[in-house]
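Single-structure report; data block below.
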Amino acid sequence: MTIALSQFDEVRLDRVSRDFGALNALRDVSLTIRRGEFIALLGPSGCGKSTTLNCIAGLLPVTGGAIWLDKNRVDTLRPEERGFGMVFQNYALFPHLNVRQNIGFGLKMRGRPKAEIDRKVDEALSLVRLQGQENKLPGQLSGGQQQRVAIARAIVIEPPLVLMDEPLSNLDAKLRLEMRAEIRRIHNELGATTIYVTHDQDEALSLADRIVVLRDGVVRQVGAPKELYEAPAHFDVADFMGFRNKLRGKVVAVEGDRTILDVEGARISGVARERVSVGSTAYAAIRSDDLEVGEAGPNAIAATVDTIEYRGREFVGTAHSAGGLDFVFRSHVSVEPGSRIHLRTEDERILVFAEPVQGRQ
Amino acid sequence: MDAVAHAPAVEHGPSLRQRLEARGFDAVTLLVIPAAIFSLLLFVYPFAFGFILSFEPKAGGDWLANYRRFFSDPFLYETIAKTLWLAIPVTLVNLLLAVPIAFRVRLMRRQRLLTTLLVLPITLGTVLVAEGLLNYLGPQGWFNRTLLTFGLISQPLKLVHNYWGVFASLVITGFPFTFLLTLSYVTGIDPALEQAAATLGASAWQRFRHIYLPLLMPGLAITFCLSFVQAFSVFPSAVLLGEPAGPTRVISIAAAQAAFEEYDYSMGSAIAMIMGFVQLGIVVAVLASRGLFYRGPASGAKG
């Protein structure tokens, strides 16, 4: 493989801000990305993840802070001077150029000799497994093939940094899984430092070395997928990591890490992720995978089944409590909608968070 | 057994209506009838009438006499070159002005205000523009007076009643139309394409040259044709602002003179036919050149 990516040690975002008029789309985002890392920017829509990417690419000027590539400041450069490869959400392939010309575009703009362009485009074509398609126009390709062209076009210029803006969101579910594996394979082969924007936690968890969770233009948590999945630091991060059951209650006891809540009269004890004090309102967060149908007792809460869906290996159901809490649970047996059940889980599967402060913090 | 309903035997194929619909001919198709009648009465009939009339010379002679006369009299056949010499440069100047302005306007937030200002001349009408230009650019107009006051010239520049007067008037009245068409083509191109080209290292000029221009060419060709046809049929400004006996004796003046000064409708029709075929020739040539360019959608992909 002679596609050799430019070498550097780190990309550093130093208190980067971006305002749109009165709206702060990004506020003091600081982040260091090391060579070869695959970073996922994860968050709900409007959280500032695409804005971050566009600021790094130079498509949006930052309104505060700086972006550094080792010792070189890049946020003052125009996008064409930064040389970062970018994969767009709608691919943005040039419709009048064929696959070969699309992929070779960046090299041609750099005035490279034709022989070199041909050789590198051939390598990129084989890397994304598109040999034989090189003379087609983008309009003649399937969504997945267009995606591959977009990736090849971004990496053939050998950028220090590859930026991907929700590259899989336009593909159907099956193709999405396939291309996800492809992106991982290409990353493994090239070792390209990558920043990947997504709102899909599964994508972020499966692809990234580190995940950056953004919310309202602020970094909420940075960590390895396992860390974020098992130990989200905030309630909203937990919400994003699949903790779909949120039980609001009063703190009745705190014993070290262990916190006991009173939720509609039931005693729920879990691990505190934030400081909570006795008497305050707090949330117990439980993954739907961890909430099972069981006996009455500790950590169990009574509920009425609303729906039950067959998912092959198991059933997934929804239920509500007398106090109006909604639950998503799993079950090995089918339970009748309308029946009364008890939902329960283990202590260590319950995370306790303080009640979030309303509005932006 | 009797309770079992008999399915109606399938003896007939689909009804006439269904068969017509399958060929794309349904009730909605009937809505084109008013437009068809309109076009027949106001375009096809006069055209056919004029075409036949042009082969029936007033002064007698064989059926091609009018055409022979046109192409043997320099006072007549030179009008073709004179008209082209006005219409083609004017159209090119309008396009060359419209493209960069459209590129700038595309990025503006107060697009509507600027577009309104630029489009205003279209609502003025040729005669008002001519009057304005006569006042402004005439020997006693503000423009010449200002230059004289500042001592930049010693005697007034002759800017109207010649080629340049008509040229200026055609640019002013033709530009809004050219601009609006160009703007719609420019804004039809997905801005992500330019962003992609920028991240791939293309400078502003390269992005225009390699991305925008090839995608715009088919649209610019159509814009050229429509603007050209407008400029080619110039009449009022050639009379009011030009030298209708000299360099701006355009073909429509020749036709009008034949028809309404010599009362030779047959000759007038012949000139109108020649005018039509010259326009058609240019338009066909330009549209045919579109085949050299990509003509598909100008967005990224299916998306």
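The values are calculated or read from the model by the stated rules, or taken from the named source; none is laboratory data. The structure displayed is predicted, hence computed values, not measured ones. Virtual Cβ from ideal backbone geometry, glycine too; neighbours counted across all protein chains shown. Calculation scope for accessible area: heavy atoms of the full protein, side chains included, ligands and nucleic acids excluded. Shrake-Rupley method; radii C 1.70, N 1.55, O 1.52, S 1.80 Å.
Picking from residues in segment A:165-219 that are among the polar types (S, T, N, Q) and not in a loop (DSSP other than H, G, I, E, B), the one that is farthest from the chain's Cα centre (by Cα) is A:Asn188. Among residues of segment A:149-160 being buried (at least 24 other Cβ atoms within 10 Å of the Cβ) and part of a loop (DSSP other than H, G, I, E, B), the one that is nearest to the other protein chains (Cβ to nearest Cβ) is A:Ile157. Being among the hydroxyl-bearing types (Ser, Thr, Tyr) and closer than 30 Å to A:Ile56 by Cβ is a property that does not hold for B:Ser154. Suppose we keep only residues that are not in a strand (DSSP E or B) and not small (Gly, Ala, Ser) within segment A:249-274. Which one would you say is least open to solvent (accessible area, probe 1.4 Å)? So, considering only residues that are not in a strand (DSSP E or B) and not small (Gly, Ala, Ser), the one least open to solvent (accessible area, probe 1.4 Å) is A:Glu274. crowded, with 20+ Cβ neighbours inside 10 Å, within 14 Å of chain A (Cβ to nearest Cβ) and either touching a Ser or Thr at 6+ places or on another chain (Cβ under 8 Å) or under 30 Å from A:Gly58 (Cα atoms) (or both): is that true of B:Leu193 in this structure? For B:Leu193, the condition - crowded, with 20+ Cβ neighbours inside 10 Å, within 14 Å of chain A (Cβ to nearest Cβ) and either touching a Ser or Thr at 6+ places or on another chain (Cβ under 8 Å) or under 30 Å from A:Gly58 (Cα atoms) (or both) - is met. The strands (runs of 3 or more DSSP E) falling completely within segment A:1-83 that include 1 or more residues that are open to solvent by 60 Å² or more (accessible area, probe 1.4 Å) and charged (D, E, K, R) map to A:10-20, A:23-34.
Residues are listed down the side, and each one gets a yes or a no for (1) within 14 Å of chain A (Cβ to nearest Cβ); (2) surrounded by 15 or more Cβ atoms within 10 Å (Cβ to Cβ); (3) touching a His at 6+ places or on another chain (Cβ under 9 Å):
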{"residue": "B:Val229", "(1), (2), (3)": "no, yes, no"}
{"residue": "B:Val234", "(1), (2), (3)": "no, yes, no"}
{"residue": "B:Glu243", "(1), (2), (3)": "no, yes, yes"}
{"residue": "B:Phe260", "(1), (2), (3)": "no, no, no"}
{"residue": "B:Val284", "(1), (2), (3)": "no, no, no"}
{"residue": "B:Leu287", "(1), (2), (3)": "no, no, no"}
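With respect to A:Arg112, is the statement that it is at pLDDT 90 or above and either buried (at least 21 other Cβ atoms within 10 Å of the Cβ) or farther than 30 Å from A:Tyr229 by Cβ (or both) true?
yes
Scanning segment A:125-147 for residues that are within 12 Å of chain B (Cβ to nearest Cβ), in contact with a Leu (Cβ under 8 Å, 6 or more places away or on another chain) and open to solvent by 10 Å² or more (accessible area, probe 1.4 Å) returns A:Leu137, A:Gly143, A:Gln145.
Where residues in segment A:169-204 are modelled with pLDDT under 90 and within 14 Å of chain B (Cβ to nearest Cβ), which of them is nearest to A:Glu37 (Cα to Cα)? Among them, the one singled out is A:Ser169. Residues in segment A:327-346 that are free of Cβ contacts under 8 Å to residues at least 60 places away in the same chain and either closer than 25 Å to A:Ile260 by Cα or buried (at least 17 other Cβ atoms within 10 Å of the Cβ) (or both): A:Arg330, A:Ser331, A:Arg340, A:Ile341, A:His342, A:Leu343, A:Arg344, A:Thr345, A:Glu346. If I ask for residues that are open to solvent by 30 Å² or more (accessible area, probe 1.4 Å) and at the interface with another protein chain (Cβ under 7 Å from one of its Cβ atoms), which ones from segment A:84-95 would you list? Matches in segment A:84-95: A:Asn90 only.
Residues checked against (1) modelled with pLDDT of 85 or more; (2) open to solvent by less than 50 Å² (accessible area, probe 1.4 Å); (3) assigned to a loop (DSSP other than H, G, I, E, B):
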{"residue": "B:Thr29", "(1), (2), (3)": "no, yes, no"}
{"residue": "B:Ala48", "(1), (2), (3)": "yes, yes, no"}
{"residue": "B:Ala59", "(1), (2), (3)": "no, no, yes"}
{"residue": "B:Asn66", "(1), (2), (3)": "yes, yes, no"}
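Among the candidates B:Pro247, B:Pro214, single out the residue that is more than 14 Å from every other protein chain (Cβ to nearest Cβ) and surrounded by fewer than 21 Cβ atoms within 10 Å (Cβ to Cβ). Just one listed residue meets the conditions, B:Pro247. Considering only segment A:96-107, state which residues are open to solvent by less than 10 Å² (accessible area, probe 1.4 Å) and at the interface with chain B (Cβ under 9 Å from one of its Cβ atoms). A:Phe105, A:Gly106, A:Leu107 - these are the residues of segment A:96-107 that are open to solvent by less than 10 Å² (accessible area, probe 1.4 Å) and at the interface with chain B (Cβ under 9 Å from one of its Cβ atoms). Here segment A:228-242 is the region considered, the condition is being among the aromatic types (Phe, Trp, Tyr) and within 15 Å of the chain's Cα centre (by Cα), and the residue that is modelled with the lowest pLDDT is A:Phe240. Residues that are in a helix (DSSP H, G or I), exposed (fewer than 15 other Cβ atoms within 10 Å of the Cβ) and under 22 Å from the mean Cα position of the chain (by Cα) within segment B:120-156 comprise B:Leu120, B:Thr123, B:Val127, B:Leu128, listed in sequence order.
The number of residues in segment B:157-185 that are open to solvent by 60 Å² or more (accessible area, probe 1.4 Å) and more than 16 Å from the chain's Cα centre (by Cα) comes to 4.
In this structure, does B:Gly276 turn out to be open to solvent by 10 Å² or more (accessible area, probe 1.4 Å) and within 14 Å of chain A (Cβ to nearest Cβ)? Answer is no for this residue. Screening B:Phe260 against (1) of a type in the set (Phe, Trp, Tyr); (2) touching a helix residue (DSSP H, G or I) at 6+ places or on another chain (Cβ under 6 Å); (3) more than 30 Å from A:Gly83 (Cα to Cα) leaves a single unmet condition, (2).
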